[in-house]
Amino acid sequence: MKGILPLFLGIFGTFAFSWAGLIAIPNAQIGHLDPQMDEEGNDAYPAPKSGMYDRGRQVYVSNGCVYCHSQQVRPDYAATDIDRKWGTRRSAPRDYIFERPALLGKMRMGPDLSNIGKRAPVDDADAPAPASTTSTTAAPAAPAPLGSAAQTSPAVPAPAGSPEAAPPEPTPAAPATAAAGTPAPSGSPAAPIAPADGAASPAPATAAQTATGVPAPMTDAIGGAAGNEPLPYSAGWHHRHLYDPRSITPDSDMPPYRFLYEKRRIGGQASADALKFGGPGKVPEGWEVVPSYDAQCLVAYLMGLDQSHALNEVKSAAPASPPAPGKAVK
Amino acid sequence: MSSAEIPLRPPSSTAAVASPAENQVTRDEVEQVERALIDASTRMPVLMFYTSAVFWLLLGTLLAGLASFQMHMPDLLGGTSFLTWGRVRPAHTNAMVFGWASMAGIGTSIWLMARLSRTTLRHPLLLVAGAAFWNLGVLVGLIGILAGDSTGYQWLEFPPYAAVILFVAYSLVVSWAVLMFRFRRGGHIYITQWYLFGAFLWFPWLYGATQIMLFAVPLQGVMQAAVNWWFANNLMFLWFGAIGLGTAYYMIPKVIGRPVYSYHLAAIGFWTYALFASWTGMQRLVDGPFPAWMITASISATILTIIPVATVGLNHHMTMRGHFGLMRYSPTLRFTVFGAIAYTVFSLVGLLISLRSMASYVQFTQMSIAYSHLGLYAFFTMIMFGSMYYIVPRLVGREWRYASLIKLHFWASAYGVMLMILMLFVGGIVQGRDMNNTALSFTESTQSILPYLRGRSLSGMLLTVAHFIFATHFGMMLFGLGRSASVPTFLNPQQQEALQTSL
């Protein structure tokens, strides 16, 4: 080859071609999406995230959670993600418009987390609302156990296709808005996604929310009726799982994140945030484990992960899918 | 390429080099002196890049070992924030990508550029400063990752302040390369120079564009993931791949003393490589939240990379034909041919796992780790080892001290990386099979891969041994403990005598 100019032009040209084709054109196609709203301009999804959520995502990034947990649900024709109850529909570009970085992940040494927040007990009122931009409340523990029917009713694993697995209808009362601290209205079809990966776990599975709206007696979650066990996927559950994963799933391969927690002697009154271990032995008498602010943000982030809201451009695996699904983003 | 430059003459192929004419000898002598001068001029910067690279290699190996054991012993050091698995892993990948592989690649490229441009290296201070800044960037970046300042983008975890230092370092290196190219002698540009020229230009565009699109003017949502994969894939192909292939195009003909089989094949291989390999990447996002055409485009491009792979492979094979026996003696050839073969395997595996039917199986499994190691280690790192075995003696004026250490290094590296890839390949398939089987709980899919992860740790120990042997040997060369001899160190000394007598 003679001459440097053709070489340079070729090298530049191939690079520019690749950039134009794989970045510039897709960016024009899916790089400027707005939240979806209903006809009245309400029920925006996705909603902007809270400060705690954003900080929690940074904690998630710092500690490399993304190397084991994906956040994308693949369509049912390609994979079994939806069968595993990781979501009710495939993920779409619009789900991520407020995510920076968008942590799609490339490895599943742990389950997919796209909808982990959706699995929380509906009544976990202290979970910082993802919809709120001002939420700085930092009390993930001690949820108002409105629906703690889970502690009284036997765990009912939701079989595929059962009504429990049905996704929420795109009503204004969808959980994205319901998460703002108010319990879901009675009769709302906001059934949580049943845990799929926890099948081998001795932890009680999320009680199917069949008894929606039935107010349970106010019991303090710390001294909960069922032996000090936090509700699955509640904030307390996440904290304990982060602190000691194998106390919840014995076969878990997740590293513990004890450095996000402070183990300290109880001075005076025990902290309301202290972790609840299902029984003695984990923490010596007179000691308690309390989450740091980072841990609280991380849990706020996890509990805000929720792609259950229906999107017009994606076909939900629900019988009650939107009547006119737009062109599916494939 | 003049056949008189052959350092290692095969005993049988005397026809090619026999009976040089009288005037030829004097010309050879002149060229010999010239080359010695060029080598001497590259000595300082290349050794600096190499020494730094070997240091990062050792550090990256130790981090890899820790991360590997943590995968099947999750409680190991879990209570320490900066040694938690999720920080050690990106520290390992970045130490290897930016510390070891990039610095070794730049070192080899500098030497090749100087040799092929046939000019002594000008402005070595630019390069020395470049190496110093590069080390600083990697150090700051690694500390940033371990301190929890990672950005969360694969292979771009270095916080932006470290990326800026790297970019300054890189611009020093590239400005030198441009100068070098301007002052080159002879209008002819050899194949290796195409690849190196491409790599030197692609890297800053790629890195700069990515940094802008992710941090300065960030794109929205999933486009960040697209940019991330576009970067990771093109870094592998257009940076490491180009340097690795360019080096192989130099080392193989050089060591066996035959010209490249076909220039036309090489040209086809280069341009189809630049065109198709740069379009891959999105296949790693298969079935993700993207328009399907993006992913299909990358899958098609991956299939089309068969063309450059076949042409490059054929070219190397035809060049080597009848001379494979030389791999018994020459360390450079042995490592380089291993790497060149691994490049073919790497591309074929890449093709296999990008097909949709296969991808839905192995997506989100350890298969992707097998693929990365196939590319970065079995292909690129082995070729870099080969080039270092060739170049370092010419810089320090001594030959490698122990053939046995080179052999140990080769076999530990080769067995180590092959075992690792086998473990992760099979493990990935098992993991994918169990993950897609909803009759099993998810935890069972991560349990079923545990034996393979333990096997991977074993292979990592082999690689650790290999790297420490190499570092020791390299250190001996650095401190002038090499053999002072006029013949290179051959791997099988008893054959060496036969070689010498025949020459």
Legend entry - Cβ charges +1 (Lys, Arg) and -1 (Asp, Glu), total dipole of region B:382-503, debye: 260
Legend entry - chain B: relative contact order as a whole-number percent, Cα under 8 Å and 6+ apart: 16
Inset, instruction - State, as an integer percentage, the relative contact order of region B:254-360 based on alpha-carbon contacts under 8 Å between residues 6 or more apart. - result: 35
Legend entry - Where Rh is the Kirkwood radius over Cα pairs, Rg/Rh for region B:141-235: 1.07
Inset, instruction - Note the full-extension length gain between residue A:313 and residue A:25 as 0.36 nm times their separation in residues minus their Cα-Cα distance, in nm to one decimal. - result: 101.7 nm
Legend entry - Rule-of-thumb Rg ratio for region A:265-308 [Cα; 2.2 N^0.38 Å; N residues]: 1.47
Legend entry - Range in chain B, longest, excluding exposed trypsin sites (Lys or Arg not before Pro) [loop by DSSP; at most 11 other beta-carbon atoms within 10 Å]: B:1-184
Inset, instruction - Equivalent ellipsoid semi-axes for chain B, as square roots of 5 times the alpha carbon gyration tensor eigenvalues: give them largest first, rounded to whole Å. - result: 38, 24, 24
Inset, instruction - Starting from the Kirkwood radius over alpha-carbon pairs of region A:1-67, derive D by Stokes-Einstein at 37 °C in a medium of 0.692 mPa s and give it in µm² s⁻¹. - result: 198
Legend entry - chymotrypsin sites (Phe, Trp or Tyr not before Pro) within region A:60-99, DSSP loop, no more than 15 other Cβ atoms inside 10 Å: A:77
Inset, instruction - Kindly express, to the nearest 10 degrees and within the range 0 to 90, the angle between helix B:222-234's C-alpha long axis and the longest C-alpha principal axis of chain B. - result: 20
Inset, instruction - Write down the radius of gyration of region B:98-177 and its Dmax, each obtained from C-alpha positions, in Å. - result: 14.0, 46
Legend entry - Net lengthening on full extension, residue B:487/residue B:296 (0.36 nm per residue, minus Cα-Cα): 63.5 nm
Inset, instruction - Over every pair of different alpha-carbon atoms in region B:404-487, take the mean of 1/r and invert it; report that Kirkwood radius in Å. - result: 15.0
Legend entry - Pair residue B:461, residue A:269: separation of 7 Å Cα→Cβ label points (nm): 5.5
Legend entry - Average silhouette area of region B:158-315, convex hull of alpha-carbon atoms, in square nanometres: 10.8
Inset, instruction - Calculate, in nm to one decimal, what residue B:182 and residue B:357 gain on full extension: separation in residues at 0.36 nm each, minus their alpha carbon distance. - result: 58.1 nm
Inset, instruction - Please give the helix B:160-182 orientation as an angle from the longest Cα principal axis of chain B, in degrees from 0 to 90, rounded to the nearest 10. - result: 30
Legend entry - Global form of region B:250-309, assessed from the alpha-carbon gyration tensor, a/c cut-off 1.5: prolate
Legend entry - For region B:358-448, size of Cβ-based charge dipole, Lys and Arg +1, Asp and Glu -1, in debye: 480
Inset, instruction - Provide, for q = 0.15 Å⁻¹, the log10 of I(q)/I(0) from a solvent-free Debye sum over equal Cα point scatterers in region A:1-116. - result: -0.86
Legend entry - Cα-Cα separations in region B:351-436 greater than 20 Å, expressed as whole percent: 48
Legend entry - Helix B:85-94 vs. chain B, principal-axis angle (Cα, 0 to 90°, nearest 10): 30
Legend entry - Distance between modelled label sites at residue B:118 and residue A:262, nm, 7 Å Cα→Cβ extension: 7.2
Inset, instruction - Could you give the size of the charge dipole of chain B about its Cα centre, using +1 on the Cβ of each K and R and -1 on the Cβ of each D and E, expressed in debye and rounded to the nearest 20? - result: 640
Inset, instruction - With an 8 Å cut-off on Cα pairs and a minimum separation of 6 or more residues, tell me the relative contact order of region B:167-241 in percent. - result: 35
Legend entry - Most positive-pole-ward Cα, B:445, B:374, B:423, against dipole of region B:360-501 from beta carbon charges: B:374
Legend entry - Modelled label reach - residue B:321, point 7 Å along Cα→Cβ, region B:246-279 residues with backbone N closer than 16 Å: B:253, B:258-266
Legend entry - Compactness relative to 2.2 N^0.38 Å, alpha carbon Rg of region B:210-299: 1.41
Legend entry - residue A:34 versus residue B:41: modelled label distance in nm, points set 7 Å from Cα along the beta carbon direction: 6.2
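Every number here is computed from the coordinates shown, using simple stated rules; none is lab data. Note that this is a predicted model, so its numbers are computed, not measured. Virtual Cβ from ideal backbone geometry, glycine too; neighbours counted across all protein chains shown.
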